[in-house]
1. Any residue at all in the range 225-235 that is farther than 26 Å from VAL9 by Cα and modelled with pLDDT of 95 or more?
2. So the check is Cβ under 6 Å with 6+ separation or different chains; which pairs have a first residue in the range 108-135 that's of a type in the set (Asp, Glu) and a second one that's part of a helix (DSSP H, G or I) and buried (at least 18 other Cβ atoms within 10 Å of the Cβ)?
3. Mind listing whichever residues of the range 116-140 are hydrophobic (A, V, I, L, M, F, W, C) and either over 13 Å from the mean Cα position of the chain (by Cα) or within 13 Å of VAL11 (Cβ to Cβ) (or both)?
4. Can you find a residue that is within 30 Å of ASP281 (Cα to Cα) and at pLDDT below 95 anywhere in the range 244-258?
5. Kindly establish whether ALA207 is surrounded by 24 or more Cβ atoms within 10 Å (Cβ to Cβ), in contact (Cβ under 8 Å) with a residue 60 or more places away in the chain and of a type in the set (Gly, Ala, Ser).
6. Which members of the range 191-215 meet the condition of being part of a loop (DSSP other than H, G, I, E, B) and either in contact with a Phe, Trp or Tyr (Cβ under 6 Å, 6 or more places away or on another chain) or closer than 17 Å to VAL94 by Cβ (or both)?
7. Take the residues of the range 1-36 that are in contact (Cβ under 8 Å) with a residue 40 or more places away in the chain and in a strand (DSSP E or B): which is farthest from the chain's Cα centre (by Cα)?
Amino acid sequence: MPRPISEQVVVITGASSGIGRAAALAFAARGARVVCAARGAPALDTLVARIHADGGSAVAVPTDVADPRAVRALAEAAERRYGRIDTWVNNAAVGVWGRVEDITDAEFDRVMRVNFLGQVHGAHAALPALRRAGGGVLIGVVSAEGACAVPLQGPYVASKFAARAFYDSLRAELALEGAPVAVTAILPASIDTPFFEHARSKLGAMAKPPPPVYAPEIVADTLVYAAAHPRREIPVGGAAAGLMLGQRLAPALTDALLSIRRVGAGTQRAGRPDSGVDNLDGPVAEPGRVNGGHPGRVLRHSPFTTLIGRRRRPGEIVMAALSRARRQRAPVPAAGSARLGTVLAGTVLAAGLAVRRARRH
């Protein structure tokens, strides 16, 4: 089991604004020591100053997650400052809006380096530290668009599909060896953050989040929850679950709906011109904000996320039982087939009992 949040050391990338900033504040408010990483040093400084003013503990480490050496240095800085890492949150992301044919190779490359390889670099840096701490949680902020593709966000969607698949593969590897590290993917719906203002747009206008739009604090609270109660995946917002369900049950119909201008493309274009300033290749010079100032309705609560999205599925209980059994069993000699059979039988029995207990509750 992870340590209580009040005893954890948490590293968060993309902490200068939006979900990452909200998460840093939420973790710090619950007593965690927070290592805040992003490219924009001024925004990190204002974040750390606020945490300190509120009585919390935090440190800023300017980091470009596209650089694996910088991410390894981030992990080293966190361990130097606080002695260990308990939870690592891969959150940094950039975006380009436009038709695939209008987006350059360099723009595709940059989005993939930050959104996908940035998560890989984070995992590579975090896993040894989490093992040294005796176990922990690796959390990847993916997106509902990592499960259901939408138009005009080709690079972003591709990077999120890749990240989700990466976490699926990594999770299975860690379970195979019985490693004491949990891997959780967070799949938010549209969130009111500065991400859309900071993204590069080729729409002839600034990008905007398609409705329904949720407050970033909902995602932040979910990240805190996942650090204490790891889950395989947590969709944030009922709309995220709707996209995922549509993709699973009726993918062609979902594609058709998203191709309708009033449902898909038309909902992503703001009524104001693009500023021409974006954070694709470098940070935006600003002090950092949590909210994006969406002019429409922003949902402050998500009953779906609280009541359903965070629930543990029977399959997760089976996987946890298998991992626990693998950690506890002794190495099996080559000739010890009887011993191996006993271990496997015990593992299956433990998994079955775990599922039965879950169904009763």
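The values are calculated or read from the model by the stated rules, or taken from the named source; none is laboratory data. Remember, predicted model here, so these are calculated numbers, not experimental data. A quick note on method: Cβ atoms are made from the backbone with ideal geometry, for glycine too, and the neighbour counts reach across all protein chains shown.
1. So in the range 225-235, the residues farther than 26 Å from VAL9 by Cα come out as none.
No, the range 225-235 has no match at all.
2. none
3. Within the range 116-140, LEU117, ALA123, ALA125, ALA126, LEU127, ALA129, LEU130, ALA133, VAL137, LEU138, ILE139 meet the criteria.
4. Within the range 244-258, the subset within 30 Å of ASP281 (Cα to Cα) is 258.
Keeping just the survivors that are at pLDDT below 95 gives 258.
Scanning the range 244-258, I find at least one residue that is within 30 Å of ASP281 (Cα to Cα) and at pLDDT below 95, so the answer is yes.
5. So ALA207 fits the description; yes.
6. Residues of the range 191-215 part of a loop (DSSP other than H, G, I, E, B): 192-194, 199, 202-206, 208-212, 215.
Selection gives THR193, PRO194, ALA199, LYS202, LEU203, MET206, LYS208, PRO209.
7. ARG33
To keep it simple, each residue is scored yes or no on (1) in contact with a strand residue (DSSP E or B) (Cβ under 7 Å, 6 or more places away or on another chain); (2) closer than 20 Å to TRP97 by Cα; (3) modelled with pLDDT under 95; (4) among the hydroxyl-bearing types (Ser, Thr, Tyr).
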{"residue": "ALA147", "(1), (2), (3), (4)": "yes, yes, yes, no"}
{"residue": "VAL150", "(1), (2), (3), (4)": "no, yes, yes, no"}
{"residue": "PRO155", "(1), (2), (3), (4)": "yes, yes, no, no"}
{"residue": "ALA162", "(1), (2), (3), (4)": "no, yes, no, no"}
{"residue": "ALA165", "(1), (2), (3), (4)": "no, no, no, no"}
{"residue": "ALA182", "(1), (2), (3), (4)": "yes, no, no, no"}
{"residue": "SER190", "(1), (2), (3), (4)": "yes, yes, no, yes"}
{"residue": "PHE195", "(1), (2), (3), (4)": "no, yes, no, no"}
{"residue": "GLY204", "(1), (2), (3), (4)": "no, yes, yes, no"}
